[in-house]
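*Asks:* Mind having a look at this structure? Questions to follow.
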Amino acid sequence: MLPADIADFTGREDQVASLHQLLSGATKTDRHHHAPAIAMISGMGGIGKTALAVHVAHRLAGTYPDGQLYVNLRGADASPLQSGDVLARFLRALGVQNQVIPADETERAELYRTRLADRCVLLVLDNAATEEQVRPLLPGTASCAVILTSRARLTGIEGARRVDLDVFPPNAAIRLLARITTDDRVTAQHTGAARIVSLCGGLPLAVRVAGARLAARPTWHLGHLATMLGDERRRLDQLTAGDLAVRASLALSYQALDPTVRRLFRLLGLFDLPDFPAWFAAAILDSTLDTGIERAEALVDAQLLTATDTDVAGQQRYRFHDLVRIFARERAEAEETSESLASALTRGFGGWLALTERMARHIPGPCYAAISGPAPRPVTGWVERYTPGVDPGLWFDAERSALRSLIRQACLLGRDDVAFDLAGCMEKYFDVRGMYSDWVDTNTEVMSACRTAGNLLGEAVMLRGLIDVTTWINDGGDGDAMSRLHDEAFRLLDMFTLLRHEQGMSDAAVMCSWALTAAGDHHTAITYATRALQLANRSGHRGGRIRSRLALSVAHYEQGRFDDAAAGLADALDEARALDNPRWVATVLQFSGITHRQLDNLEHSQRMLRESLTISRHYGDTYTEVLTLLALARLALQRGDPSARTTAETSVALSREYRMSHHLAEALEVLGEIELADGFPERAIGHLEESVAIWRTRGWHSMQATALTNLGKAYAQIEPLAARRAFEEAGAILTRLGDTDKLTELLPYTLPQGAECRQGTTSPRVG
């Protein structure tokens, strides 16, 4: 993960030697208490901290064969990177899939240290803001080492060896100037060279800017540049005064730019982006793509912008040095009117909206209504030219950090319409990639901004996504998930009703129907699903029609009306195929397969489930995959197929790995049934105990009753009193649900108090 080494790296010989000795493998055995070596490089902005850290890291790469991790912590930004986000990035680099990464930062840090244990990895934590930001990122083993850079000295980092950088002495600065210009002018015109580095104050960044200007103008006499520096910045001998030094140095290159390029520089500085693709220059200039790229490259030539390698989507990217971006923003505020600044922000945000919306259309995921606010989108040709051939999933992979930064900035600037539009476009991506923590964090932040701004539409759209992710993925909330779904879904319905937004009302009514079905109120659930379907039909919301029909079918299924459920699912499948949303084709297929199993159409059921599984695995959609595996396990159990066990065990393992508590409860119940059928009641009890305990946190009552019934059957062979308790609790739930058929099935397993049971109910360990 290291950036490329600086080809013309110059000087710092003593520091390089000291860092190499500290961090090389030869000294590892000398470390006290098995602690990792930590080198902290500190100094003012532009002093060369990053260049030194990366140079030393490359020299040490062979000593740390298990990898080199790098991150720019963006300590100079108004919003430095959060430790939790960095841990997620590093865990992905270490081979941990998105769905496995814990939501809790402490758990992420624990998993991160576990992954680093017994590995030889070098970490470069660049541009740190505070000790608090850094501590979770430190490894816990002496086989790893850390190079940390910061403008502050961060004295609270225990055991760190400090290297404080000062400006270059004149001879080192002149050598750097010579290596950048790559010709003999520095040697031939030594006086002019000495004058230039003196006016630059020995600051490496300033020397580099001056050298780049000379390299771009091979006919210039060095004295000419020295005279220019003296005329424009007579205060350059004060470069040791911190940020003023960097500002003065950057102004030299800035003033030499063509006016149109200067304007791009100023406007780029308005946006809080870690990096950005080439098209962004065209968006904020409202120019053609070629013009935007040409002017961005002019900034690269002037050393005011850095061109990085192409990203995973094949896009050329650029980034600012932190202090260069600060300088660009200062110039914008000084030279642009408030109207032009606002217009540039609108164009920039609008460009991201236009492209993000286009890409989001081709990501499989929730088929909610696409609800947007009034934020303007530019009508330009570059969007159409740029998008063909770009894989939408890879595009979101490349732009995820940039989009989250823009969303955060939009919230801070009070541009809540932009924030909720961008966040809404990311929901399907977050879902299919299993980035549930990112989804929750983003929607929560934007929802708060919308609430503050009085933007009820944005607040409702963000709540809709939050309800989905926190209901079906384990969020650690209090109470049972279905009760929370009930309360939040009806609150969402009230919000969309107040807005008179029929597509949003349809989406919310479907959520209400699911909650009511979970509670056993099937009649009311059907009423709300029917209302959702009517709203979807009236508003032309095809995705809403699919979701409504699925909700109706689930309610019918819970009532035992399997023919009605199958008919509704057939209509929903036709709609899903026409919508061309693979996630929902897979979802409807899995529920159809489940229903046809109940109708004893076993071959048809298996075909549908296999097709669903193929789609889910193609898109890496683990959530849908696990539910389909569960259905296949039940089908195999019904047919006496021994594959039922391995399929159920796979479902349990995946559910645990990806924190899918709803699926885990059902998977454990299926595995318990299999153990019971195979004559292993003790093993069945362990699975069913855990299943019942999870169902108590989920709140889907019919499923909880089923798990309790099977638990009672297992206990009946071992512990009759525990069996009775399980059966009694299952019976109480079924009585509340009014499920007379299942109550009748339960009767043979209940005997008078004190009699020996052949099959039984809840365990003393349950509850």
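*Asks:* Name every residue in region 561-580 that is farther than 28 Å from residue 362 by Cα and exposed (fewer than 15 other Cβ atoms within 10 Å of the Cβ), in order of residue number.
*Replies:* 563
*Asks:* Which one of 454, 465, 373, 414 is within 18 Å of the chain's Cα centre (by Cα) and not hydrophobic (A, V, I, L, M, F, W, C)?
*Replies:* Only one candidate passes the filter, namely 465.
*Asks:* From the set of residues in region 404-433 that are of a type in the set (A, V, I, L, M), over 30 Å from residue 622 (Cβ atoms) and part of a helix (DSSP H, G or I), which is most open to solvent (accessible area, probe 1.4 Å)?
*Replies:* Restricting to residues being of a type in the set (A, V, I, L, M), over 30 Å from residue 622 (Cβ atoms) and part of a helix (DSSP H, G or I), the top hit is 412.
*Asks:* Before we move on, is residue 214 under 30 Å from residue 38 (Cβ atoms), in contact with a Ser or Thr (Cβ under 9 Å, 6 or more places away or on another chain) and either open to solvent by 50 Å² or more (accessible area, probe 1.4 Å) or outside any strand (DSSP E or B) (or both)?
*Replies:* no
*Asks:* Of everything in region 577-636, what is free of Cβ contacts under 8 Å to residues at least 60 places away in the same chain, among the charged types (D, E, K, R) and part of a helix (DSSP H, G or I)? Give them in sequence order.
*Replies:* 577, 597, 603, 607, 610, 611, 617, 625, 634
*Asks:* Would you tally the residues in region 689-707 being without any contact (Cβ under 8 Å) to a residue 60 or more places away in the chain and over 11 Å from residue 746 (Cα atoms)?
*Replies:* Of the residues in region 689-707, 7 are without any contact (Cβ under 8 Å) to a residue 60 or more places away in the chain and over 11 Å from residue 746 (Cα atoms).
*Asks:* Within region 180-196, track down each residue that is outside any loop (DSSP other than H, G, I, E, B) and open to solvent by 10 Å² or more (accessible area, probe 1.4 Å).
*Replies:* Listed by number, the residues that qualify are 180, 185, 187, 188, 190, 191, 192, 194, 195.
*Asks:* Just for region 297-322: of the residues that are of a type in the set (A, V, I, L, M) and open to solvent by 10 Å² or more (accessible area, probe 1.4 Å), which one is nearest to residue 259 (Cα to Cα)?
*Replies:* Ranking the qualifying residues of region 297-322, first place goes to 298.
*Asks:* Just to check your reading of the model, which residue among 263, 247 is open to solvent by 10 Å² or more (accessible area, probe 1.4 Å), among the basic types (Lys, Arg), assigned to a helix (DSSP H, G or I) and at pLDDT 90 or above?
*Replies:* Just a single option satisfies the conditions, and that option is 263.
*Asks:* Hey, another quick one. Report every pair of residues separated by at least 6 positions or lying on different chains whose Cβ atoms are under 7 Å apart, first residue within region 508-530 and free of Cβ contacts under 8 Å to residues at least 24 places away in the same chain, second hydrophobic (A, V, I, L, M, F, W, C) and open to solvent by less than 30 Å² (accessible area, probe 1.4 Å).
*Replies:* 524/516; 528/509; 528/512; 528/516; 530/552
*Asks:* Surrounded by fewer than 18 Cβ atoms within 10 Å (Cβ to Cβ), more than 26 Å from residue 416 (Cβ to Cβ), touching a helix residue (DSSP H, G or I) at 6+ places or on another chain (Cβ under 8 Å) and not basic (Lys, Arg): which single residue out of 336, 357, 330, 294 fits that description?
*Replies:* 330
*Asks:* Just to be sure I understand the filter: pairs with C-beta atoms under 7 Å, separated by 6 or more residues or on different chains, first member in region 366-378 and within 18 Å of residue 468 (Cβ to Cβ), second member buried (at least 19 other Cβ atoms within 10 Å of the Cβ) and aromatic (Phe, Trp, Tyr). Which pairs pass?
*Replies:* Once the first residue is within 18 Å of residue 468 (Cβ to Cβ) and sits in region 366-378, its partners that are buried (at least 19 other Cβ atoms within 10 Å of the Cβ) and aromatic (Phe, Trp, Tyr) give 367/584.
*Asks:* May I pose another question? Among what's in region 254-283 and is under 27 Å from the mean Cα position of the chain (by Cα) and of a type in the set (D, E, K, R), pick the residue that is farthest from residue 328 (Cα to Cα).
*Replies:* 275
*Asks:* Condition check: under 30 Å from residue 742 (Cα atoms) and open to solvent by less than 30 Å² (accessible area, probe 1.4 Å). Does residue 585 satisfy that?
*Replies:* In short, no.
*Asks:* Could you check region 284-383 for helices (runs of 4 or more DSSP H) lying wholly inside it with 2 or more residues that are among the aromatic types (Phe, Trp, Tyr)?
*Replies:* In region 284-383, 338-360 are the helices (runs of 4 or more DSSP H) which contain 2 or more residues that are among the aromatic types (Phe, Trp, Tyr).
*Asks:* Of the numbered conditions (1) more than 27 Å from the chain's Cα centre (by Cα); (2) open to solvent by less than 10 Å² (accessible area, probe 1.4 Å), residue 544 fails exactly one; give the number of that condition.
*Replies:* (1)
*Asks:* Given the condition farther than 22 Å from residue 639 by Cα, among the acidic types (Asp, Glu), modelled with pLDDT under 95 and over 33 Å from the mean Cα position of the chain (by Cα), answer yes or no: does some residue in region 702-720 qualify?
*Replies:* Yes: one or more hits.
*Asks:* Regarding region 635-643, can at least one residue be identified that is crowded, with 23+ Cβ neighbours inside 10 Å and closer than 21 Å to residue 710 by Cβ?
*Replies:* no
*Asks:* Every residue in region 47-61 that is out of contact with any Phe, Trp or Tyr (no Cβ under 9 Å at 6 or more places or on another chain) and open to solvent by 10 Å² or more (accessible area, probe 1.4 Å), please.
*Replies:* Matches in region 47-61: 49, 50, 58, 59, 61.
The values are calculated or read from the model by the stated rules, or taken from the named source; none is laboratory data. Predicted model only: the values in this text are computed from it and were never measured. No Cβ is skipped: glycine too gets one built from the backbone with ideal geometry, and neighbour counts run over all protein chains shown. Calculation scope for accessible area: heavy atoms of the full protein, side chains included, ligands and nucleic acids excluded. Shrake-Rupley method; radii C 1.70, N 1.55, O 1.52, S 1.80 Å.
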